[in-house]
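Working notes, structure below.
The values are calculated or read from the model by the stated rules, or taken from the named source; none is laboratory data. Every value quoted in this text rests on a predicted model; they were computed, and no experiment measured them. Counting neighbours? That spans all protein chains shown, and the Cβs are built from the backbone with ideal geometry, glycine included. Just so you know, the surface numbers come from the protein's heavy atoms only, side chains and all, with ligands and any DNA or RNA stripped out. Shrake-Rupley method; radii C 1.70, N 1.55, O 1.52, S 1.80 Å.
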Amino acid sequence: MILYNVTTSLDPEIADQWVAYMRDTHMPEVMDTGFFLKSQLCRLLNEEDGGITYASQYYCVSLEQLEEYQRVAAPALIQEIEKHFGGRYASFRTMLEVVD
């Protein structure tokens, strides 16, 4: 199992709007691509400098499946987030292997 984690630091002024967009629009659209089995949104508790940081997490069965998502579906979805929140957030992505 692969965990795709997108960590995002937000301008506090947009935090509520961003969370609503993630829950209502973006994360359902990511799940609708069919590449992932489940998703969750987490807020970091150890934030620094008054920032607000979230981790969007998506689970898929293989690294190849994740790479296909990144190639086929991710660019358009990222472009939509940029259209709504461009310049008011910073994200980085990590891929983790779930070890049982």
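What the table below lists for this structure:
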{"quantity": "Subset of the range 43-79 that is open to solvent by 30 Å² or more (accessible area, probe 1.4 Å) and of a type in the set (A, V, I, L, M, F, W, C) - its residue that is modelled with the lowest pLDDT", "calculated": "Leu45"}
{"quantity": "Hits in the range 1-21 (condition: acidic (Asp, Glu) and within 19 Å of Phe92 (Cα to Cα))", "calculated": "Asp11"}
{"quantity": "Residues within the range 22-52 that are under 19 Å from Phe92 (Cβ atoms), in contact (Cβ under 8 Å) with a residue 40 or more places away in the chain and of a type outside the set (A, V, I, L, M), tallied", "calculated": "2"}
{"quantity": "The range 80-100 - residue that is assigned to a helix (DSSP H, G or I) and of a type in the set (Asp, Glu) and, of those, least open to solvent (accessible area, probe 1.4 Å)", "calculated": "Glu80"}
{"quantity": "Any hit, the range 90-98, residues being hydroxyl-bearing (Ser, Thr, Tyr) and touching a helix residue (DSSP H, G or I) at 6+ places or on another chain (Cβ under 8 Å)", "calculated": "no"}
{"quantity": "Candidate set from the range 1-42 (those that are out of contact with any helix residue (DSSP H, G or I) (no Cβ under 8 Å at 6 or more places or on another chain) and at pLDDT below 95); member that is most open to solvent (accessible area, probe 1.4 Å)", "calculated": "Glu13"}
